[in-house]
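Taking it in order: structure first as structure tokens, then the write-up.
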Amino acid sequence: MTDQAQLLPGTLDLLILRAVSLGPLHGYGILLRIGQISDNALLIEQGALYPGLFRLVRQGLLKASWGTSENNRRAKFYELTVAGRKRLSEETASWNRLATAIAAALSQQPEEA
Amino acid sequence: MRILDSLRLHILTLFHPETVRAEMEEELRSHIAHRADDLEHSGLIRAEAERRARIEFGGREKYKEEIHASLGGHLISTGFEDLRYAVRVLRKSPGFTIAAVSTLALAIGANAVVFSVLNALILRPLNVPHADSLYTLEHGGYKDQSTSYPDYLDLRERNRSFEDLAGYIMILVGFDTGGNPTQAWGYEVTGNYFDALGIHPYLGRFFHDADEHGPNSAPYLVISYAYWHSNFQDDRGVVGRVVQVNKHPYTILGVAPPEFSGTLVFFFPDFWAPMVEQEQLQGLNVLNERGQRDIYMVFGHMKPGVTPAQAIGDLNSVGSFLEKTYPKDDGYMTFSLARPGLAGDLLGPGVKGFMTGMMVLSGLILLAACANLGSLFAARAADRSREVALRLALGSSRRRILRGVFTEAVLISLVGGAVGLLGSIVLLRQLSMWYPVPQFPIHVPVNPDAKVYLVALLLALASGFLFGAVPVRQILHTNPYEVVKSGSTGIVAGNTGRRITLRDVLLVAQIAICGVLVTSSLVAVRGLVRSMHSKFGFEPRNAILADTALRMAGYSGDRALAMQRRMIDSLEAIPGVKSVGLVSQIPLGGGGETEDVFTGQTADLRTSNAAANVQVFKISPEYFHAAGTSLVAGRAFSWQDDLSSPRVAVVNALFARKIFGSESRALGNYYKREDGTRVQVVGIAEDGKYYQLTEDPRAAMFLPFPQSPSTMMCLVVRSERDPQQLASAIRSTLRGLDASLPVNIQTWTEGLGIALFPSHVATVALGVLGAMGAMLSITGIFGLASYSVSKRMRELGIRIALGAQRKEVVQTALGRPLKLLAIGSAAGLFMGILAARVLAHIVYTATSRDPLVLSGVVLAMSLLGLLATWIPARRALSVNPLILLREE
């Protein structure tokens, strides 16, 4: 638990989009999916998920519908919209560029000192 | 699809917040249930699993808030919650709410009234099409608009900047519809008047240039809508009807539209008649005399694309042509332009100055009210610091609490603004119906329009934010742990220390503003009282005026003079009448005649060579006696000073000094009038006020009636008898002489109404504002005093328990508010004295260097202090230490 990383601001939305891109999920499911695809390396407080979800729905990147979960409970399922899919690929590309650049910068050894 | 979804969410958020909230709630519950399922699978019992799931989820309320925020419907829905909360809080403290709302209602009401008047007089253009391009011609040299008819025709023909130029004269006539003749005010206008303004009749038709064919060729009238309504009972058959004006038949052509009431914003004529009818309407014809500047005002629409500077240049070139062509009559023909509504620069600057001053003062009132409410709010915030601390401790954000405070403030300000506006509408209705000077058709319709409502709304909002902002710092610095721990209002104790707080500054400023208002209103009242008793150069007490114009009943020439002598004789026969005098126009009666005079040696009688421009009065021999004007030297007239004897005059002392150097040299000496007549000075009268109370001393000449006849006349009847009885005796006597003569009878003191009108208005306005300022100060000091008493109850209790004397207790409790009162009053008095200098221009003899005024202000302010601290002082003295100490 202790070696879990704090999320950078703005990255939660990206993770949600990514998680949902693999198929419709309800909120708790999204949380599990993020844990699964990140090998539980990221610390997300459970409630913090929901403001992000509502925001993405409002932006039209996700759409939501009520259904029944695998536990036979009523739950709200989220899936990507076309715009959401487009946004995901853009954000992924830009994240990768950023990560590569930061990693390169940090691994550079200074020549003197 | 996506747009539809997001739209649905928006609509739901806006209009069905409970649906959204329920859905959100269900979703979060479902999340926790799923998590609990998982935990149960891993071996926990259900109850424990659910508890763990809830803890892991985190602060549910906080996330719900965040979700709301992310939905954007946030502001509106929480705004609504804030509003509901504010209403609830305010309902719980009705005393505070009523005090706050009524304070604000007064302040905003005052502003709305002043702004409405400002709007009606200055901001709102005349109610004619394209009022923005309408200008009046003003003589650059001496700032009046009067023009002679021949000059008017030249200006109209020769200028290239105006679409058309029209002019008018205000006249008073005898108007007879076949019953009781009455006096009526009208405009004598050039034939193109209505066409130049571009307005259309409500009924019938207007007259045009084409209707005129020289003098007395167009006996037509157009009556105003109001006159039609009140004197013809809306009879549509009035068009074509013949009425008698000054005993001449005139045909009513039409009725003007209701929204058109002449080309001045305050003077409402009953009718319009063509200027070519001058001889019949005014009893004289100066249409061909270039030197007689009889047209009151010439105005017109500027052509599109012409700038005012170009128009002035154009007019000046016409002017210099006129100067060269008619050197005898036309001197100084330079022009400037002004707005016609307020008679150009004649009244414009004075009215504007006064109204701006009033606006500033009422703005100050509003500021004082805001300061007042600000400190009330700060006190409340201090009282509620525990509540604030609790809410903070429970996770509410400071922003949310501040928003609550502002919602409360704005709610109060809007309600206060609405109440104030309602009150001001009632007041303005009355003001619109008010005819301040009975014998003139002067009134100002000041009904509020959209602009006034907008200003009131903006003022209300602005003041809400202003006083709402006062406690902000206090709330931002609240430390919830300290407050909750100490169990009392910890932060406040620090604030009531020796340090000068914002509230102190606000209170001092407010008292200073009030001091200014009280000082200036006292100065104005005192000035008004004094001007009632000042030297006018005549004695208005115990005198009755009967004014009329003989031409209204068709008299002229010798017949008029004979009639005037008969009138004097029969009035003198009334028992109790001491003397009866006759004057062409009563001094300070709102009118006046002036003339250029020349020294006896001047040969070239052009305007630029004139020795002085003097006031002219034509009088009967007994006038000085009846008016109470004393002769300094020489003799008064007798009826022997008629056309067969040499021309004589009585001049006032200033005239004598100005033309002849001294009074002794004037007596027996000669000067020349405009028409070249040589006149001998036979007497010298005391100086007086002739046109306005605030005027600089003016030269005046008095001419004997038989030598300078006038059908305009005012009889001055001096008697100690009861004015009411005397007036009816005068009326029946005059009716016995000629029943068709409309006469206006009033006491001379009443007749001074128009001269005292500006002082009256200033005094009433300042008095009202002063009273409001005083009330605000009382509530302000009261607020601070009672607050400081209630905050220090415990301290006072201990002091009393330890044996403090009553005096010491009061000093502790109220020393500070009283000190602030003293500082504020001193500042206010000082500023008020400075402001009084400005007042001297409006109210005659207004001066602040008056011991009565100064002591009045000090007395008023001390009284205010006493009133405001009375109740808190009683409370401080009645502290019972035992009960108080036991309670804590």
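The values are calculated or read from the model by the stated rules, or taken from the named source; none is laboratory data. Not measured: the values here are computed from a predicted model. Note: ideal-geometry Cβ built from the backbone for every residue, glycine included; neighbour counts use all protein chains shown.
Go over the candidates B:THR694, B:THR677, B:THR733, B:THR711 one by one and state the one that is in contact with a helix residue (DSSP H, G or I) (Cβ under 7 Å, 6 or more places away or on another chain), over 19 Å from B:ALA543 (Cα atoms) and of a type in the set (Ser, Thr, Tyr).
Being in contact with a helix residue (DSSP H, G or I) (Cβ under 7 Å, 6 or more places away or on another chain), over 19 Å from B:ALA543 (Cα atoms) and of a type in the set (Ser, Thr, Tyr) holds for just one of B:THR694, B:THR677, B:THR733, B:THR711, which is B:THR711.
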Within the range B:546-559, does at least one residue satisfy the condition of being farther than 30 Å from B:GLY291 by Cβ, in contact (Cβ under 8 Å) with a residue 12 or more places away in the chain and part of a strand (DSSP E or B)?
yes
State whether the residues of the range B:115-123 include one that is small (Gly, Ala, Ser), at pLDDT 90 or above, buried (at least 20 other Cβ atoms within 10 Å of the Cβ) and under 32 Å from the mean Cα position of the chain (by Cα).
no
Please specify each residue of the range B:14-23 satisfying the condition of being more than 8 Å from chain A (Cβ to nearest Cβ) and among the charged types (D, E, K, R).
B:GLU18, B:ARG21
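Conditions (1) part of a helix (DSSP H, G or I); (2) closer than 30 Å to B:LEU476 by Cβ; (3) at pLDDT below 80; (4) over 21 Å from the mean Cα position of the chain (by Cα), marked per residue:
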residue	(1), (2), (3), (4)
B:GLY300	no, no, no, yes
B:ASN316	yes, no, no, yes
B:LYS328	no, no, yes, yes
B:GLY344	no, no, yes, no
B:VAL351	yes, no, yes, no
B:GLU387	yes, yes, yes, yes
B:SER396	no, yes, yes, yes
Would a scan of the range B:3-13 turn up a residue that is farther than 29 Å from B:SER396 by Cα, at the interface with chain A (Cβ under 8 Å from one of its Cβ atoms), out of contact with any Lys or Arg (no Cβ under 7 Å at 6 or more places or on another chain) and modelled with pLDDT under 85?
yes
Of residues in the range A:30-84 being facing another protein chain (nearest Cβ under 10 Å) and assigned to a strand (DSSP E or B), the one farthest from A:GLY10 (Cα to Cα)
A:ARG74
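Only residues that are under 16 Å from B:TYR326 (Cα atoms) and part of a loop (DSSP other than H, G, I, E, B): list them for the range B:600-609, please.
Within the range B:600-609, B:ASP604, B:LEU605, B:ARG606 meet the criteria.
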With respect to B:ALA120, determine if the residue is small (Gly, Ala, Ser), closer than 30 Å to B:GLU163 by Cβ and either within 14 Å of chain A (Cβ to nearest Cβ) or out of contact with any Gly (no Cβ under 9 Å at 6 or more places or on another chain) (or both).
yes
Per the filter on the range A:7-29, residues in a loop (DSSP other than H, G, I, E, B) and farther than 23 Å from A:ARG74 by Cβ are A:LEU7, A:LEU8, A:PRO9, A:GLY10
If I go through the range B:560-580 residue by residue, how many of them are surrounded by 23 or more Cβ atoms within 10 Å (Cβ to Cβ) and not in a helix (DSSP H, G or I)?
1
Tally the residues that are modelled with pLDDT under 80 and away from chain B (no Cβ under 14 Å), restricting the search to the range A:10-29.
0
For residues that are in a loop (DSSP other than H, G, I, E, B) and modelled with pLDDT under 90, scanning just the range B:242-257, find the one that is surrounded by the fewest Cβ atoms within 10 Å (Cβ to Cβ).
B:LYS247
Before we move on, is B:GLN292 surrounded by fewer than 22 Cβ atoms within 10 Å (Cβ to Cβ), at pLDDT below 85, of a type in the set (S, T, N, Q) and closer than 30 Å to B:GLY237 by Cβ?
no
Filtering the range B:737-766 for residues that are of a type in the set (D, E, K, R) and within 27 Å of the chain's Cα centre (by Cα) leaves a count of 1
Filtering the range B:197-233 down to residues that are among the charged types (D, E, K, R) and surrounded by fewer than 17 Cβ atoms within 10 Å (Cβ to Cβ) yields B:ARG205, B:ASP209, B:ASP211
Checking B:GLY404 against (1) under 25 Å from the mean Cα position of the chain (by Cα); (2) in a helix (DSSP H, G or I): exactly one of these is not met. Which one?
(1)
Looking only at the range B:24-59, and only at residues there that are in a helix (DSSP H, G or I), facing chain A (nearest Cβ under 7 Å) and farther than 20 Å from A:VAL57 by Cα, the one that is nearest to the chain's Cα centre (by Cα)
B:PHE57
Within the group A:GLU70, A:GLU45, which residue is at pLDDT below 85 and either among the acidic types (Asp, Glu) or in contact with a Cys (Cβ under 6 Å, 6 or more places away or on another chain) (or both)?
A:GLU45
